[in-house]
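Scroll down for the structure; my scribbles are underneath it.
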Amino acid sequence: MTAILVIVSFLFMEFVAWSNHKYIMHGFMWKFHKDHHVSTTTGIKTIFEKNDIFFLIYAVPAIILIITGLMLGSAYPVAIGAGITLYGFTYFMIHDVIYHQRLPLFTNSRNPYIVAIKRAHDAHHRPSNTNDFNNFGLLVFSTKYFK
Ligand SMILES: [Zn+2]
Ligand SMILES: [Zn+2]
């Protein structure tokens, strides 16, 4: 049961990430997300971006769930917190390390899924105009990017 809860929380986080990115980060919190888009168009990279604040925002509920679960001796909140944390780690590795190359690792991955993720995220960072952002999710996207 706890393993299922970890997986369901992980998958649900893709929906949370997609909806927050689309409606909040590109909405009223655009001022924190904007520099992430500027750095990819100008090529000027800084060690930290204002956008990194979202990692902290996502980490807080995960930490609260894990601590609460441990205090109550209940595995369920810990499992949900673990699913959120696992998603955060996966997002960081794929989006920040593999795609944006914030760490010089996996520079030439030929894994077909990774290649497709790169194409899909390209579509987010290179819109034909500023009202035409696509692909707000990360792990789930149109199958056309596999071709
Ligand atoms: Zn964006
Ligand atoms: Zn990006």
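Of the residues making up segment 78-113, those that are within 12 Å of ligand 2 (Cβ to nearest atom) and hydroxyl-bearing (Ser, Thr, Tyr) are 91, 99.
For segment 123-147, what are the residues that are open to solvent by 60 Å² or more (accessible area, probe 1.4 Å), at pLDDT 90 or above and away from ligand 2 (no atom under 16 Å from the Cβ)? 143, 144, 146, listed by residue number. Out of all the residues in segment 92-108, is one or more open to solvent by 50 Å² or more (accessible area, probe 1.4 Å), in a helix (DSSP H, G or I) and away from ligand 1 (no atom under 16 Å from the Cβ)? No, that holds for no residue. Can you name the residue in segment 13-71 that is touching a Ser or Thr at 6+ places or on another chain (Cβ under 9 Å) and outside any helix (DSSP H, G or I) and is also surrounded by the fewest Cβ atoms within 10 Å (Cβ to Cβ) among such residues? Result: 46. When residue 120 is evaluated against the numbered criteria (1) open to solvent by less than 70 Å² (accessible area, probe 1.4 Å); (2) of a type outside the set (Asp, Glu); (3) under 30 Å from residue 2 (Cα atoms), which criterion, by number, is the only one it fails? For residue 120, the exception is condition (3). Selection of segment 106-147 for residues being over 16 Å from the mean Cα position of the chain (by Cα), of a type in the set (Gly, Ala, Ser) and over 17 Å from residue 96 (Cβ atoms) yields 128, 142. Name the one entry in 55, 32, 10 that is touching a residue at least 12 places away in the same chain (Cβ under 8 Å) and touching a Leu at 6+ places or on another chain (Cβ under 8 Å). Only one candidate qualifies: 10.
The values are calculated or read from the model by the stated rules, or taken from the named source; none is laboratory data. Remember, it's a predicted structure, so these values are computed and weren't measured experimentally. Heads up, the Cβs are rebuilt from the backbone with ideal geometry, glycines too, and the neighbour counts pull from every protein chain shown. We work out accessible area using only protein heavy atoms, side chains counted, and drop any ligands, DNA or RNA first. Shrake-Rupley method; radii C 1.70, N 1.55, O 1.52, S 1.80 Å.
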